1. Report, by chain and number, residues whose modeled amide H sits under 5 Å from the one on F320, excluding near sequence neighbours (fewer than 5 apart, same chain).
2. Using the 10 angstrom Cβ neighbour count as an exposure proxy, how do R355, R184 rank, fewest first?
3. Comparing S150, S340, S185, which has the greatest mean-square fluctuation in the GNM of the chain with Cα pairs linked when under 10 Å apart?
4. Which entries in the list K33/K197; K371/K398; K49/K197; K156/K417 go over 24 Å, if you measure between the two C-alpha atoms of each?
5. Each residue of segment 227-232 in turn: what ³J(HN,Hα) in whole Hz from Karplus with 6.51, -1.76, 1.60 and θ = phi - 60°, glycine and Pro shown as x?
6. Expressed in nm to one decimal, what extension gain is obtained for the pair F161 and E283 from 0.36 nm per residue of sequence separation less their Cα-Cα distance?
7. If amide H atoms are built 1.01 Å from N in the plane of the peptide, which residues on other chains or at least 5 residues away come under 5 Å of the amide H of D402?
8. With label points built 7 Å along Cα→Cβ from the Cα atoms of N60 and Q408, find their separation and express it in nm.
Amino acid sequence: MKKVLFITYFWPPSGKASLHFPLDIIRHLPKDKIEPIILTVEEETFTQKDESLLRKVDPNWTIIKSKALEPFNLYRFFIGKKKNEKLVSSETISTENKSLTHKISLWIRLNLFIPDARIGWNFTAVKKAKSFIIKNKIDAIVSIGPPHSSHLIGLKLSKKFSIPHYPVLIDPWVDIVYYKNLSRSCITKIIDNHFEKSVLHNAKQVIFVNKSTEEDYQKKYSFLKSKTNVLYWGYDEDDFKSLPLNPLPKEGDFKDKEKLIVHAGNIFAYQNPKKFFKQIKIEIDKGNKFKFKFISTVDPQIIDYLNEIGLKQVVELLGFLPYKEMIQQILEADLLLVCSSEPRHVPGKLFEALRTGNPIIAFGDNNEEVKEIVENSKSGMMFRYDESGVEILNELEKIKPDQNFALQFNRALISKKFYEIISKSL
């Protein structure tokens, strides 16, 4: 039995979407070959809790927890929020908030917390992990990021104890998309690039969740070409086990019917499909019936825009939902809205959307990877953000998704591939 240390900041009962990948990968590893040890934070105060996810945690797993020195409590105090008041992701990196306190706190976060605002966890995490490794033989280390500061924990432990390290980059590191319109100093960028390169150079193998990011990193670091892998984000078949595939639409199904469009997951200002929303308003003015449901956080700029163009009455903001409830909502949709943020972004919710068998409308500029997945699955169409998407609205009944296409993204299969990658050094 080989022991593998998984370093993941987010862990149940946190409801953070990025924990689903490591949680399901660990769950589906061969139990007679791998003993997972999970290193995580003692209390994560930023995201909503989803207690239902605890059912997926095996009580026999060893879970090491350490306290995190989170800056977000300080941020709440600094901007006048109560300690337990929830923060919205887009709020903490907003460029629209012009208040001096927000600008100062944003600058501090971007330039003093390197590589990210979770770096305060590293001190206690490394100490706890060292203590455990001294008493227990660990055969491999897997770190999950973001937060990419988790990879620095993996790097430190890997070097100290000569243990192979496998970083999993769910998002790009130094040039992650939300830095696009934010100011980071040259010194900050130099330090962050050094951290990124050090982790990747030391890594035994590096795992990305899409091909575009893998190709981007291989161009940046030539030494990566022989040690990168792509394991798509996928979905967990267990979450759909008792839920049947939806019947394919037939001619006349949508006539005079209110069509429900659902977006699941956080949506930021830079993911706003304005032309599509305007087209829906045109359709409503023609007498067609539409309704939107947004699950999780919606950037205030998008809400303002929807209100501005007259869609307020047909928009329902559901906020955070437990995972199972989110699945139920997307199963009921007539059309699923998926918004990518850049060419290297394959939204995780795309795979659950594929599994529902419902039509998908995707938006993204120059995102050939998402376009290929959507087209190969016959599940819908993809458009640029400056397009309205009217074509899919006119052809909705003709979309016949290949309901078996999604099955290749079952995380049980992805976990098997993951095991094949790390087993070479075990």
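Just so it is clear, none of the values below were taken in a lab; they were calculated from the coordinates. Nothing here was measured: the structure is a model prediction, and the numbers come from that model. Backbone-built Cβ (ideal geometry, glycine too); neighbour counts: all protein chains shown.
1. Hits under the 5 Å cutoff: S296.
2. Result, fewest neighbours first: R184, R355.
3. Highest fluctuation among the options: S185.
4. Numbers: K33/K197 31 Å; K371/K398 18 Å; K49/K197 34 Å; K156/K417 26 Å.
Listed pairs above 24 Å: K33/K197; K49/K197; K156/K417.
5. 9, 10, 9, 10, 10, 4
6. Values: separation 122, 0.36 × 122 = 43.92 nm, distance 6.25 nm.
Between F161 and E283, full extension yields 37.7 nm more.
7. Amide H neighbours of D402: K378, S379.
8. Once both label points are built, they end up 3.4 nm from each other.
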